[in-house]
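Before any comments, here is the structure.
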């Protein structure tokens, strides 16, 4: 077994097949298939069930994914650490982020990070819930994760660094049922239609709490795509509860951003493994913690 084989194996897993993985690796498909078969021979077990043209992970394949990511991530850290002895001129940090936190504070953090380290780059990977962010960091898909949750989840071998809070706001159309300066209470939402996120999100949990309090809210749309919510509100489909990170975009689009009382918040945190980070990830972590301290 060598690192190249593990990189190839993870590419097939992440891209869903040999053809796409070969294209992403700029590698001939037969060469990639041969490398996977050699890895299987070395391990003495099949890593994939071959169903027609599809590859489905076997139990052995599932067992290899996380250790393979740790090995590949460790090699990346080793290379980056050696390269950083000449200064942080080049490098990349990968971050899993939830949609609302990708709007803010991630945009601000990346601006500060790339200003301080213009040779470094950032890759943002989507995660829709806090557990998805934790899993991305835990399994080594990304080094860092940015999440928001009403209660921060506990996870072994994961360090959570608090970055502050985000308040929930109500987004409504300008020609809708509320005036611009109105403070909205749960009972004011009775009888209205609402657009919600998928289960497990903070915005969905808050709406469910309001409904559990006896407020008759009609759920008209459930969507995993946060970017679809603002257009739906503007077109009159329904109201929406969103993190305040969307406020600026909502104002610019012509929607009303209204204060909810009693207030509800998300706690923001940066997730990282307790093992050594690449210099680029450590630099991003430093920017994030310093920015959070300045905001307090």
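For the reader, a short list of remarks on this structure follows.
- The listed residue being surrounded by fewer than 13 Cβ atoms within 10 Å (Cβ to Cβ) and not assigned by TED's automatic domain parsing to the domain that holds residue 271, out of 214, 200: 214
- Extreme residue, surrounded by the fewest Cβ atoms within 10 Å (Cβ to Cβ), among residues of the stretch 282-291 that are closer than 11 Å to residue 163 by Cα and more than 19 Å from the chain's Cα centre (by Cα): 290
- Inter-residue pairs, beta-carbon under 7 Å, first farther than 19 Å from residue 77 by Cβ and in the stretch 279-296, second crowded, with 20+ Cβ neighbours inside 10 Å and modelled with pLDDT of 90 or more, 6+ apart: 291/109; 292/163
- Just one of the numbered conditions (1) under 25 Å from residue 288 (Cα atoms); (2) modelled with pLDDT under 85; (3) touching a strand residue (DSSP E or B) at 6+ places or on another chain (Cβ under 6 Å) is not true of residue 86: (3).
- Within the stretch 50-66, being touching a strand residue (DSSP E or B) at 6+ places or on another chain (Cβ under 8 Å), free of Cβ contacts under 8 Å to residues at least 60 places away in the same chain and surrounded by 12 or more Cβ atoms within 10 Å (Cβ to Cβ) holds for 55, 57, 58, 61.
- Qualifying residue in the stretch 263-278 (condition: closer than 20 Å to residue 203 by Cβ, touching a helix residue (DSSP H, G or I) at 6+ places or on another chain (Cβ under 9 Å) and either outside any strand (DSSP E or B) or without any contact (Cβ under 8 Å) to a residue 24 or more places away in the chain (or both)): yes
- Number of positions in the stretch 1-17 that are buried (at least 17 other Cβ atoms within 10 Å of the Cβ) and more than 26 Å from the chain's Cα centre (by Cα): 1
- Single residue of 166, 70 found to be within 21 Å of the chain's Cα centre (by Cα), outside any strand (DSSP E or B) and either in contact (Cβ under 8 Å) with a residue 40 or more places away in the chain or more than 23 Å from residue 196 (Cβ to Cβ) (or both): 70
For every residue, the table says whether it meets (1) part of a helix (DSSP H, G or I); (2) assigned by TED's automatic domain parsing to the domain that holds residue 175; (3) within 19 Å of the chain's Cα centre (by Cα).
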{"site": "227", "(1), (2), (3)": "yes, yes, yes"}
{"site": "240", "(1), (2), (3)": "no, yes, no"}
{"site": "248", "(1), (2), (3)": "yes, yes, no"}
{"site": "258", "(1), (2), (3)": "no, yes, no"}
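Per-residue answers, yes or no, for (1) at pLDDT 85 or above; (2) assigned by TED's automatic domain parsing to the domain that holds residue 141; (3) over 20 Å from residue 73 (Cα atoms):
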residue: 14; (1), (2), (3): yes, no, no
residue: 18; (1), (2), (3): yes, no, yes
residue: 28; (1), (2), (3): yes, no, yes
residue: 31; (1), (2), (3): yes, no, yes
residue: 37; (1), (2), (3): yes, no, yes
residue: 42; (1), (2), (3): yes, no, yes
residue: 48; (1), (2), (3): yes, no, yes
residue: 52; (1), (2), (3): no, no, yes
residue: 60; (1), (2), (3): yes, no, yes
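- Residue 140 within 10 Å of the chain's Cα centre (by Cα), touching a residue at least 12 places away in the same chain (Cβ under 8 Å) and not assigned by TED's automatic domain parsing to the domain that holds residue 186: no
The values are calculated or read from the model by the stated rules, or taken from the named source; none is laboratory data. Nothing here was measured: the structure is a model prediction, and the numbers come from that model. In this analysis, Cβ positions are derived from the backbone assuming ideal geometry, glycine residues included, and neighbour counts consider all displayed protein chains.
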